[in-house]
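Colleague: Before we start, here is the structure in question, set down as structure tokens.
The values are calculated or read from the model by the stated rules, or taken from the named source; none is laboratory data. Keep in mind the model is a prediction, meaning the values are calculated, not measured. FYI the Cβ positions are ideal-geometry reconstructions off the backbone, even for glycines, and counts take in every protein chain you see.
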2 protein chains.
Amino acid sequence: MTTASVYLSGEWKTSSGTKTFQAHNPATGETVGDQYPVSNWADMEQALQSAADCDLITRDWAGDRFADLLEAYASQLENRAEEIVEQANLETALPVSPRLKDAEFPRTLAQLRSAAQAARSGEWAMPVIDDANNIRSMYRSIGPVFVIGPNNFPLAFNGISGGDFAAAVAAGNPVIAKAHPAHPGTTRLMAECLVNSLMAVNFPANFIQLIYDIAPEEGLKAIRDSRIAAVGFTGSQKAGVAIKAAADKAGKPVYVEMSSINPVFVLPGTLAEKSEAFADEFTGSCLMGSGQFCTNPGLVILPPGEEAKKWIELVRDRFAAAKTGPLLTEGVKDSLLDSIRNLVEGGAELLTGGHAAKEVSCAAQNTLLAVDAEKFLADSDLFQQEAFGNCSLIVTTSDASQMAAIAQSLEGQLTGCVYLTDQPEDEAIYQQLEPVLRRRVGRLLNNKMPTGVAVSPAMNHGGPFPATGHPGFTAVGIPASIRRFSMLECYDNVPEHRLPEALRNA
Amino acid sequence: MTTASVYLSGEWKTSSGTKTFQAHNPATGETVGDQYPVSNWADMEQALQSAADCDLITRDWAGDRFADLLEAYASQLENRAEEIVEQANLETALPVSPRLKDAEFPRTLAQLRSAAQAARSGEWAMPVIDDANNIRSMYRSIGPVFVIGPNNFPLAFNGISGGDFAAAVAAGNPVIAKAHPAHPGTTRLMAECLVNSLMAVNFPANFIQLIYDIAPEEGLKAIRDSRIAAVGFTGSQKAGVAIKAAADKAGKPVYVEMSSINPVFVLPGTLAEKSEAFADEFTGSCLMGSGQFCTNPGLVILPPGEEAKKWIELVRDRFAAAKTGPLLTEGVKDSLLDSIRNLVEGGAELLTGGHAAKEVSCAAQNTLLAVDAEKFLADSDLFQQEAFGNCSLIVTTSDASQMAAIAQSLEGQLTGCVYLTDQPEDEAIYQQLEPVLRRRVGRLLNNKMPTGVAVSPAMNHGGPFPATGHPGFTAVGIPASIRRFSMLECYDNVPEHRLPEALRNA
């Protein structure tokens, strides 16, 4: 069987790594496609030097050129849409429709094109011209960016095609991409499109580098290497914290999007007005894609009273009845079942599910747990551990004032939802809750589920630690996401002809 | 003798700390004024809780209110200008004129008023309204900010009155300020003005907290405490790295402005055209204020040739002839002399100075050192250690191409200067040098010394590590400096009446 090539120094070549791996179809448990290499340091050393060499050439290029590349790439991807979607489906078991073909692939193209537009306009760079002092500044490229993609979005967050990739390139930076080993074939197909695009728009062939996997300690060594200027990562908290620590120590920008349980606070009016509809909405959001979203609603805080008890039954029935879908990898399944076990051992009541599912090769039962507010608050560190997948923990309260206390006890989150009506009782609770919750989350929603992260300039897909590493940055939402991979450059008394174009008066 | 009070929980009160210290006049070696307490954890615990309590009240306030406070404060300071300047002169020996009265005090007022203006306009918050998706976002306050000021700017970078203070307040955050123990009396006078201002504009009396000193381990404990949302620090690399590590681990924003040697690259045309004038300019910049500026030119890279040798003599004579001024503290003096010793032991040639000065109580001789490019490049870590004070290291080259290599070997810097003419030879060297140097510095200057950091919206007083902790942020330059102390908040499907004013359509 063939071992796939890595893309280093502008060529597809045999990896120096000696280990290989194969992807699995989570729906069947069968292996999919070629062997892929686990890169070693020799591969990474090539990638680092080649990216640094390329950066010397491309760092002065205008935004137009990077826009051309991103647009050419989007078109190349479109040409091979069917093949890419099919491969992603084989490697992830995410459904072609409505997910991969209808949502994630178009989103990926839209992100690339939106980044291209931003690179072309140059507004993301926020040029400031102070004529009186003859001082000018703008954000400019920072150097090679190492982008490490997650398991759960094979296209839209892939290291070779996702939001971090698009942002890093739009800012003018060469990229070293690490595929997630759960979908190497999908990544390779897209990288082929990208390599074609480099040629089509006369970019240096070594503007990107691609590896499929590398040992964690060698990945961290690369992050510490002076040839890496910044790092983008989406994935687990454990890996993210290690990556952030390595980059922090080296004093370089690092953007890690890690864990989030995305609390949903339910005020009394909602249960009184539309208990069933809300149960449907919550169940749909929580179980969609087997719950494998960064913004999956993993914690629901209910108001006191009988309505809450009834709602729990509604949701329990829906969870039990809903079809169980495959999880992305055996690792995801094991981690989910471990997390559920921890919650139960900590005192949460298992309402439904909790075990491996029998129907599908790699799946867990839809799982609903419950705990009361006193218990939650007594050990909030335990109860707010993320259980990534089709699972949620309900917190029952005996007094609405417990809601703000629960919000206060939470770590940083990507999102926080409040379901409420315009009734005075709900508004009064909201006024207590919102100032606390707002500081804990990157995005505050009213009467809307957190899944579904619109590609909008107003989006914040970020939040306080440990949702991410810094609450001032967003991974989705152009142009803000582009500025992450840039540095502020100031020109003091530099004459017109030596200034970047955006800072000239003419 | 009286021990001064700390300002905690809205009152001037006796510190719980048992140790005290006094300031010294560096010009005479004599102690100045009262005893000041070294705070202990009990003080800090009060500060943390009080700041967190106040934040619950003020976090929803509009920018106008913070603008009112900053403006009232500037006026209060103006009322006591003479007293403040005199005290600062006693504690730092920085000259009243042209420094404290004529430059630093007006700058401090200008910064406070400019921050007020930004808080009032609200543009710093970059509100984005996406009506189609009903998603909105803006930067908003983040919570209590711990501001730790440096020794070298008793007014304009003081924790209670400087750029970080103004930015943190303009963003809407309560501040816990730590004075630098070299100028506690100056800090107290300004804090008195601030406390008056709080009353004048109906702010909670506990919106600010002031301590004069605290043991490093307790300062770090405060930084890790969840009630601190962000940290601003200006000072030594050693302290800055420890502060950054503590904040990074806790996942909170930290802005440290640390060390910088501010390289000056001199291209052949400048020496050919105006060797004497440039020697005057460099000497003035390097020795002003005994060289105690973050942007002091501590490294000068000369072109090959006879002109360079002559220029070195010109500068050596000027350094030897120039009056020696006092350094801020005995610690600064010892550190400077140690740094000079290290450079000499590493192989640098001592051209003039190098020892404690006899004329003034706390001073070092104006010191000029030289090393050739080969030696510099062979041990660039050693030769780029900051020697904070009236000292500079000259690097001689045998080939102009060594300049880019030297730039490449440098750590991150606040500034980088190039002196050159429009002659083709200079332009050609610049084209090699600039792309490398630009990535190493926050501010690139042409034919201008780095000292003097204009208060301009285009200013970048920042730069890559270890000049600061992140090359995307600036400590001077409103509104960018304000955004450091904020978080990005996004509102998704939140109705008009629950939105912050800046995000409403009406």
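Colleague: Within region A:415-434, is there a residue that is assigned by TED's automatic domain parsing to the domain that holds A:Val231 and acidic (Asp, Glu)?
Modeller: No: region A:415-434 contains no residue that is assigned by TED's automatic domain parsing to the domain that holds A:Val231 and acidic (Asp, Glu).
Colleague: Tally the residues that are touching a helix residue (DSSP H, G or I) at 6+ places or on another chain (Cβ under 9 Å) and surrounded by fewer than 23 Cβ atoms within 10 Å (Cβ to Cβ), restricting the search to region B:484-495.
Modeller: 1
Colleague: Kindly indicate whether any position in region B:264-273 is assigned to a helix (DSSP H, G or I) and either within 31 Å of the chain's Cα centre (by Cα) or outside the structural domain of B:Gln432 (by TED's automatic domain parsing) (or both).
Modeller: For region B:264-273, residues assigned to a helix (DSSP H, G or I) and either within 31 Å of the chain's Cα centre (by Cα) or outside the structural domain of B:Gln432 (by TED's automatic domain parsing) (or both): present.
Colleague: Okay, moving on. Which residues, taken from region A:33-52, are surrounded by fewer than 18 Cβ atoms within 10 Å (Cβ to Cβ) and either among the β-branched types (Val, Ile, Thr) or in a loop (DSSP other than H, G, I, E, B) (or both)?
Modeller: A:Asn40
Colleague: Among the residues of region B:418-456, how many are modelled with pLDDT under 95 and facing chain A (nearest Cβ under 8 Å)?
Modeller: Here the count works out to 2.
Colleague: Any chance you could count how many residues in region A:475-487 are out of contact with any Phe, Trp or Tyr (no Cβ under 6 Å at 6 or more places or on another chain) and within 18 Å of B:Gly463 (Cα to Cα)?
Modeller: Looking only at that region, the number is 2.
Colleague: Surrounded by fewer than 24 Cβ atoms within 10 Å (Cβ to Cβ), over 26 Å from B:Pro464 (Cα atoms), of a type in the set (D, E, K, R) and modelled with pLDDT of 95 or more: which single residue out of A:Lys249, A:Lys238 fits that description?
Modeller: Exactly one residue qualifies, and that residue is A:Lys238.
Colleague: Filtering region A:225-245 down to residues that are farther than 22 Å from A:Pro181 by Cα and out of contact with any strand residue (DSSP E or B) (no Cβ under 8 Å at 6 or more places or on another chain), which residue is nearest to the other protein chains (Cβ to nearest Cβ)?
Modeller: So, considering only residues that are farther than 22 Å from A:Pro181 by Cα and out of contact with any strand residue (DSSP E or B) (no Cβ under 8 Å at 6 or more places or on another chain), the one nearest to the other protein chains (Cβ to nearest Cβ) is A:Ala245.
Colleague: Condition (residue is more than 14 Å from every other protein chain (Cβ to nearest Cβ), in contact with a helix residue (DSSP H, G or I) (Cβ under 8 Å, 6 or more places away or on another chain) and either within 30 Å of B:Glu30 (Cβ to Cβ) or of a type in the set (Asp, Glu) (or both)) applied to region B:246-257: is it met by at least one residue?
Modeller: First, the residues of region B:246-257 that are more than 14 Å from every other protein chain (Cβ to nearest Cβ): none.
For region B:246-257, residues more than 14 Å from every other protein chain (Cβ to nearest Cβ), in contact with a helix residue (DSSP H, G or I) (Cβ under 8 Å, 6 or more places away or on another chain) and either within 30 Å of B:Glu30 (Cβ to Cβ) or of a type in the set (Asp, Glu) (or both): absent.
Colleague: Which one of the conditions (1) within 14 Å of chain B (Cβ to nearest Cβ); (2) surrounded by fewer than 20 Cβ atoms within 10 Å (Cβ to Cβ); (3) outside any loop (DSSP other than H, G, I, E, B) does A:Asp55 fail to meet, given that it meets all the rest?
Modeller: (2)
Colleague: Output the number of the condition that A:Ser380 fails; it satisfies all remaining conditions of (1) within 13 Å of another protein chain (Cβ to nearest Cβ); (2) at pLDDT below 95; (3) surrounded by fewer than 21 Cβ atoms within 10 Å (Cβ to Cβ).
Modeller: For A:Ser380, the exception is condition (2).
Colleague: Looking only at helices (runs of 4 or more DSSP H) that lie completely in region A:124-234, which have at least 2 residues being in the same structural domain as A:Ala110 (by TED's automatic domain parsing) and within 20 Å of A:Glu91 (Cα to Cα)?
Modeller: On the way: elements: A:163-170, A:184-200, A:216-224.
It comes to A:184-200.
Colleague: Take the conditions acidic (Asp, Glu) and closer than 28 Å to B:Pro98 by Cα and apply them to B:Asp338. Does it pass?
Modeller: The answer is no for B:Asp338.
Colleague: Give just the number: which of (1) out of contact with any strand residue (DSSP E or B) (no Cβ under 9 Å at 6 or more places or on another chain); (2) surrounded by fewer than 19 Cβ atoms within 10 Å (Cβ to Cβ) does A:Val344 not satisfy?
Modeller: Of everything listed in (1) out of contact with any strand residue (DSSP E or B) (no Cβ under 9 Å at 6 or more places or on another chain); (2) surrounded by fewer than 19 Cβ atoms within 10 Å (Cβ to Cβ), A:Val344 misses just condition (1).
Colleague: Do you know which residues across region B:473-502 are at the interface with chain A (Cβ under 8 Å from one of its Cβ atoms) and of a type in the set (D, E, K, R)?
Modeller: Hits for region B:473-502 are B:Arg483, B:Arg484, B:Glu489, B:Asp492, B:Arg498.
Colleague: Another question, if that's okay. I'm trying to understand the selection: among the residues of region B:124-164, which are within 12 Å of chain A (Cβ to nearest Cβ), of a type in the set (D, E, K, R) and touching a residue at least 24 places away in the same chain (Cβ under 8 Å)?
Modeller: Answer for region B:124-164, where residues must be within 12 Å of chain A (Cβ to nearest Cβ), of a type in the set (D, E, K, R) and touching a residue at least 24 places away in the same chain (Cβ under 8 Å): B:Asp131, B:Arg136, B:Arg140.
Colleague: Here's a follow-up. Can you tell me which residues in region B:273-308 are more than 23 Å from B:Leu414 (Cα to Cα) and in contact (Cβ under 8 Å) with a residue 60 or more places away in the chain?
Modeller: Passing the criteria: B:Glu273, B:Pro304, B:Ala308.
Colleague: Look through B:Gly477, B:Gly442, B:Gly462, B:Gly452 and report the one residue that is within 19 Å of the chain's Cα centre (by Cα), under 17 Å from B:Ala168 (Cβ atoms) and not assigned by TED's automatic domain parsing to the domain that holds B:Pro144.
Modeller: On the way: B:Gly477 fails: not assigned by TED's automatic domain parsing to the domain that holds B:Pro144; B:Gly442 fails: under 17 Å from B:Ala168 (Cβ atoms); B:Gly452 fails: under 17 Å from B:Ala168 (Cβ atoms).
Among B:Gly477, B:Gly442, B:Gly462, B:Gly452, only B:Gly462 is within 19 Å of the chain's Cα centre (by Cα), under 17 Å from B:Ala168 (Cβ atoms) and not assigned by TED's automatic domain parsing to the domain that holds B:Pro144.
Yes or no, residue by residue, for (1) within 23 Å of the chain's Cα centre (by Cα); (2) among the polar types (S, T, N, Q):
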| position | (1), (2) |
| --- | --- |
| B:Gln35 | no, yes |
| B:Ser50 | no, yes |
| B:Leu56 | no, no |
| B:Glu83 | no, no |
| B:Lys101 | yes, no |
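Colleague: Now for a different question. What single numbered condition from (1) more than 20 Å from the chain's Cα centre (by Cα); (2) without any contact (Cβ under 8 Å) to a residue 40 or more places away in the chain fails to hold for B:Ala215?
Modeller: Result: B:Ala215 fails condition (2) only.
Colleague: For residues in region B:457-472 being touching a Pro at 6+ places or on another chain (Cβ under 9 Å) and closer than 22 Å to A:Val231 by Cα, which is farthest from the other protein chains (Cβ to nearest Cβ)?
Modeller: In this case the residue turns out to be B:Gly463.
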